[in-house]
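Encoded as structure tokens, the structure appears first; notes follow it.
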Amino acid sequence: MSDKIGELPLYCNDEGNRGGDSFALTASDRKRNIMVATKPLASIVAEFGIEKIDIIKMDIEGFEEIVLTSFFSEAPKNLWPRFICAEIVHVPQVMNLLRSVGYYLVLKTRWNCIYALELE
């Protein structure tokens with residue numbers, strides 16, 4: 001996922017953590033990358049005809065802010081997830097983004113935060 005349809009280099013973690021591959025790194029951080037097709041979350045939701053999202057779990061290695069900013073600006077509010085669980089404990093800009101659009105912190109663990117959307 002990204003903020004637009006296109007391609008981005010996915011920087012590969014060759015040190016054993018396959019979940020550590022990321023678009024958010026630079027070539028100097030990782031020696032190897034592969035080009036990957038990208039789409040915004042709102043496009044994926046529309047493509048699959050999703051009409052309601054109760055909860056979404058995100059662990060997209062530093063790309064949460066880019067993906068969520070795009071989603072909140074493109075998707076109608078009735079498609080916004082009621083809950084968002086993401087590995088953002090150490091990423092204050094994502095926590096600030098969620099608060100700014102009406103989410104509040106429900107639970108914080110060692111790595112993850114769960115936010116709920118304020119119901120109107």
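The values are calculated or read from the model by the stated rules, or taken from the named source; none is laboratory data. The model shown is predicted, which means the values in this text are computed figures rather than measured ones. Here Cβ is always computed from backbone atoms with ideal geometry, including for glycine, and neighbour counts include all displayed protein chains.
Annotations for the structure displayed:
- Scope the stretch 60-89; condition of a type outside the set (Asp, Glu), within 19 Å of MET1 (Cα to Cα) and part of a helix (DSSP H, G or I); matching residues: ILE66, VAL67, LEU68, THR69, SER70, PHE71, PHE72, SER73, LEU79
- Only residues that are within 14 Å of the chain's Cα centre (by Cα) and surrounded by fewer than 15 Cβ atoms within 10 Å (Cβ to Cβ) were counted in the stretch 45-61, giving 3.
- Of all the listed residues (LYS52, LYS57), the sole one being more than 26 Å from GLU7 (Cβ to Cβ) and among the basic types (Lys, Arg) is LYS52.
- In the stretch 90-101, of all residues being in a loop (DSSP other than H, G, I, E, B) and under 24 Å from LYS4 (Cβ atoms), the one that is modelled with the lowest pLDDT corresponds to VAL91.
- If you filter the stretch 62-75 down to residues that are under 23 Å from CYS12 (Cβ atoms) and of a type in the set (A, V, I, L, M, F, W, C), you find that the one that is surrounded by the most Cβ atoms within 10 Å (Cβ to Cβ) is VAL67.
- Of residues in the stretch 1-29 being in a loop (DSSP other than H, G, I, E, B) and farther than 25 Å from ASN112 by Cα, the one modelled with the lowest pLDDT: ALA27
- Apart from one condition, ALA37 fits all of (1) at pLDDT 80 or above; (2) outside any loop (DSSP other than H, G, I, E, B); (3) crowded, with 16+ Cβ neighbours inside 10 Å; the exception is (3).
- Comparison of GLU87, GLU74, GLU65 shows that the only residue that is among the acidic types (Asp, Glu) and modelled with pLDDT under 90 is GLU87.
- Subset of the stretch 83-120 that is closer than 16 Å to GLU65 by Cα and charged (D, E, K, R) - its residue that is surrounded by the fewest Cβ atoms within 10 Å (Cβ to Cβ): ARG99
- Condition check for VAL106: out of contact with any Leu (no Cβ under 6 Å at 6 or more places or on another chain), among the β-branched types (Val, Ile, Thr), farther than 25 Å from PHE48 by Cβ and in a strand (DSSP E or B): yes
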